[in-house]
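Inspection log for the structure reproduced underneath, given as structure tokens.
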Amino acid sequence: MDIKQYMSQLGRQARQASRAVAAADSGVKNRALLAMAAAVDAHRQAILAANAKDLAAGEANGLEPALMDRLALNDKGIDGIIEGLTQVAALADPVGAISDMNYRPSGIQVGKMRVPLGVVGIIYESRPNVTLEAASLCLKSGNAAILRGGSEAIHSNQALAACIREGLAAAGLPETAVQVLETTDRAAVGELITMPEYVDVVVPRGGKGLIERIARDATVTVIKHLDGICHVYIDDAADAEKAFAIALNAKTHRYGTCNTMETLLVAESRAEELLPRIADAMIEKSVELRGCLRTRQILMGAAEATDEDWATEYLAPILSIRVVSGLEQAMDHIAQFSSGHTESIVTENYTSGRRFLREVDSSSVMINASTRFADGFEYGLGAEIGISTDKIHARGPVGLEGLTSQKYIVLGDGHIRV
């Protein structure tokens, strides 16, 4: 297979199909999504058989247990895919929404209309359910999509791709509106991220190495985040019970997610009171503690934390703890070490909370809430394609609206400029 020629063909087809998808009304897109859900249900056994091939190959190739877990599909997982498709179908369609209409002194009306981005390329690893998740979000937001799943899920993804094509055809949309790569050749990724004539934006979902490579090599706009080095700061004016519950949840609810707390900052005035109880609860859940000198004076069993720890996304039961003088030093630490993902302050002081919201420069900033809420579903977006720590276009959880842009529209009645 000539990869360059193959990818150019997919790009041309996606660009052509994007016009039909952008013009489709909500009813047509929803019919396609519900038809995809019906196809997944109807072809359940074929999907499970394809997934079994991938699992067997993964075991033979020594795939890590965590990746095997992400790769595996069962009836419950397929039910989840079906539910996800029906949920996206039920979401409000952002395309065509008009806002900010105002009359100008000249008599014209000027406003904005929300429009699709065009063609979205999505690169992801392991989890075959992302194939339908990505397809549904791109389609509902009026975009064509080119999807490149991990080589370890090739059979599963192709079985799901057949359901996508079936759903598109049932709604009268071109089957090329969502194309799933049929090759495992890594050169295809290099082509996908360097086709600005066909692809408008790329969304990488995977490990840091994958995202770094794409951010470095892409000539297409990338929506991404590299790390989730998230902080919780317990302020001088924190409520003790809230501080305990938030810190414990932010770290131990799930370890391997990008919105998990990696560093706990505690005001010096509250450290001796609050840290022992928090530490005991963490240790009970087998969390390894690493701390600054003051932390280690309070928690005798904590290991020494280094600058490397402050700058590390563990994705594991490890927590860095630093005692700070107060709000100012906490924000200085966040400014130096945060990846710009999510930060939270626990405080009953309105002024401190407002300062934290205003001055901390991350994609999500919270008061008295666990960082684990930084999620498209929890934010009411219905679903998300990923989380962006970029500052241009989309920031934070990227849902349907994040997969669209806005254009200015002008309404006149024979108006001319004089």
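The values are calculated or read from the model by the stated rules, or taken from the named source; none is laboratory data. Treat the numbers as computed from the prediction; the structure is a model and nothing was measured. Positions of Cβ are generated from backbone atoms using ideal geometry, with glycine treated the same way; all protein chains shown enter the neighbour counts. The protein model used for the area step is the full one, side chains on, heavy atoms only, and it has no ligands, DNA or RNA in it. Shrake-Rupley method; radii C 1.70, N 1.55, O 1.52, S 1.80 Å.
Could you derive backbone 3J(HN,Hα) for the stretch 243-250 from the dihedral phi with the Karplus parameters 6.51, -1.76 and 1.60 (θ = phi - 60°), listing whole Hz in sequence and x where the residue is Gly or Pro?
Karplus-based 3J(HN,Hα) across the stretch 243-250 equals 4, 5, 5, 5, 4, 5, 5, 4 Hz.
With a 1.4 Å probe and all protein chains in place, put ARG44, ARG104, ARG216 in order of accessible area, largest first.
Most to least solvent-accessible, the answer reads ARG216, ARG104, ARG44.
Relative contact order for the stretch 236-352: what percent, with Cα pairs under 8 Å and sequence separation of 6 or more?
Across the stretch 236-352, relative contact order equals 36 percent.
Of all alpha-carbon pairs in the stretch 118-236, indicate the percentage at a distance above 26 angstrom.
The calculated P(r) of the stretch 118-236 puts 21 percent of pairs beyond 26 Å.
Can you tell which of ALA135, LEU315, VAL199 lies farthest toward the positive end of the dipole of the chain, using +1 and -1 charges on the Cβ of basic and acidic side chains (Lys, Arg; Asp, Glu)?
The residue sitting farthest along the positive end of the dipole is VAL199.
Can you give the FRET efficiency to the nearest 0.05 for LYS285 and GLU197, using r as the Cβ-Cβ distance and R₀ = 41 Å?
Calculated transfer efficiency: 0.20.
Residues with amide H under 5 Å of CYS230's amide H, sequence separation 5 or more or different chain, H placed in the peptide plane at 1.01 Å from N; which?
GLU262, THR263
Under Stokes-Einstein, with the Kirkwood radius over Cα pairs standing in for Rh, what whole-number D in µm²/s applies to the stretch 290-418 at 25 °C and 0.890 mPa s?
Approximately 139 µm²/s, per Stokes-Einstein.
Can you give the accessible area of LEU55 in Å² (nearest 10), computed on protein heavy atoms with a 1.4 Å probe?
Its heavy atoms expose roughly 40 Å² to the probe.
Report the label-to-label distance for ILE409 and GLU313 in nanometres (one decimal), using points 7 Å from each Cα along the Cα→Cβ vector.
3.8 nm
Using a Förster radius of 60 Å, what is the FRET efficiency between GLN45 and SER8 based on their Cβ-Cβ separation? Nearest 0.05, please.
In this case the efficiency is close to 0.95.
In degrees between 0 and 90, to the nearest 10, how far off the longest principal axis of the chain does helix 44-60 point, with axes built from Cα atoms?
The angle comes out near 60 degrees.
Could you estimate the translational diffusion coefficient of the stretch 261-314 from the Stokes-Einstein equation, with Rh from the Kirkwood formula over C-alpha pairs, at 4 °C and 1.567 mPa s, in whole µm²/s?
112 µm²/s
Express the accessible area of the stretch 158-274 per residue in Å², computed with a 1.4 Å probe while the remaining protein chains stay in the model.
Heavy-atom accessible area per residue stands at 37 Å².
Quick check: Cα centre of the stretch 312-371 to Cα centre of the stretch 231-251, how many Å?
The stretch 312-371 and the stretch 231-251 have Cα centres separated by 11 Å.
Which value in deg cm²/dmol, rounded to the nearest 500, describes the helix-derived mean residue ellipticity at 222 nm for the chain, given -39,500 (n - 2.57) per DSSP H run of n ≥ 4 and division by the residue count?
-13500 deg cm²/dmol
Which is farthest toward the positive dipole end of the stretch 321-406 among ILE387, GLY399, LEU327, measuring Cα position about the Cα centre, with Cβ charges +1 (Lys, Arg) and -1 (Asp, Glu)?
LEU327
Within the accessible area of the chain, what % is carbon and sulfur when the probe is 1.4 Å and the other protein chains stay in place?
49 percent
Counting pairs on different chains as well as pairs 8 or more places apart, how many Lys pairs in the chain have Cα atoms under 16 Å apart?
Value for the chain: 6.
Go through 271-281, 188-198 and give me the packing order, highest mean Cβ count within 10 Å leading.
The packing order, highest mean first, is 188-198, 271-281.
Rank ASP413, ASP227, ASP25 by accessible area, highest first, at a 1.4 Å probe radius?
The ordering from most to least exposed comes out as ASP413, ASP25, ASP227.
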